[in-house]
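First the structure, in the form of C-alpha cells, and then the observations on it.
Just so it is clear, none of the values below were taken in a lab; they were calculated from the coordinates. Bear in mind the structure is a predicted one, so any value in this text is a computation, not a measurement. Virtual Cβ from ideal backbone geometry, glycine too; neighbours counted across all protein chains shown.
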Amino acid sequence: MVKQGVYMNNSLLFKNELLDRYLYVCGEGEYMETFTISDNTLTDRSAICTIYPEYEMGEDKMNYKLKPDDINRGFSVAVTHDFIYAKPKEFDIFMLREGATYKGYPCYFNDKIDVYDWQGNFIKRYELDIPVLSFVVDEKNETLYASSYELESGGMIVRKYTF
C-alpha cells in the first residue's frame with residue numbers, strides 16, 4: 001500500500017487516441033513509460049526514464065516520506081499526438097528551505113525540455129533562454145508556451161517559442 005502511494009500520488013496518465021498508447025508519469029523520482037492495453041493487460045511497455053522514487057516507509061506502515069537527498073521530483077509533461085515533452089523537476093527540500101536558485105529563478109524552474117516519441121525514443125532536447133515553471137505545446141508541434149517570471153519585477157510572464 002505504501003509503494004502504491006509513492007507511485008500514484010501526483011502521477012500523470014495520458015492517452016494518445018490516434019496511436020491507442022498511454023503514458024504513465026510517476027509523481028516522484030524520474031520514471032515514465034509508454035504502453036498499450038490489450039485484453040486488460042499492459043503490453044508493449046517502453047520505459048523512457050527509470051529513476052525510481054527514493055522513499056522510506058512511515059512508522060505507521062501506511063504512509064511514506066521521500067528521502068531528503070533525492071532531488072528527482074517527477075516531470076512537468078505536455079503531450080501531442082506525435083510527441084511527449086518532459087521537463088524534469090530536480091530539487092530537494094533543503095534547496096527550497098535554503099532559498100536555492102537555478103540561474104536566478106526558484107530551484108524548481110528548469111530550462112531543458114526533452115522530447116520523446118510515443119515508443120519512448122529520445123528525439124531531441126530544447127534548451128530555453130530562461131528557466132520556466134510550466135508549459136504547453138500546440139498540436140502541430142510548432143509552438144511552446146511557457147510560464148516564468150521576470151527577474152527584475154518578479155511579475156509572471158508567458159513566453160512563446162516557435163520550433
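Observations
- Vicinal HN-Hα couplings computed from phi for the stretch 148-162 (Karplus, 6.51 cos²θ - 1.76 cosθ + 1.60; Hz; Gly/Pro x): 7, 8, 7, 4, 5, 9, x, x, 6, 9, 10, 9, 10, 10, 9
- Once backbone amide H atoms are built at 1.01 Å from N, residue 133 has 147, 148 as its partners under 5 Å, excluding neighbours fewer than 5 places away on the same chain.
- Summed side-chain charge close to residue 46 - residues other than residue 46 whose Cβ falls under 12 Å, Lys, Arg +1, Asp, Glu -1: -1
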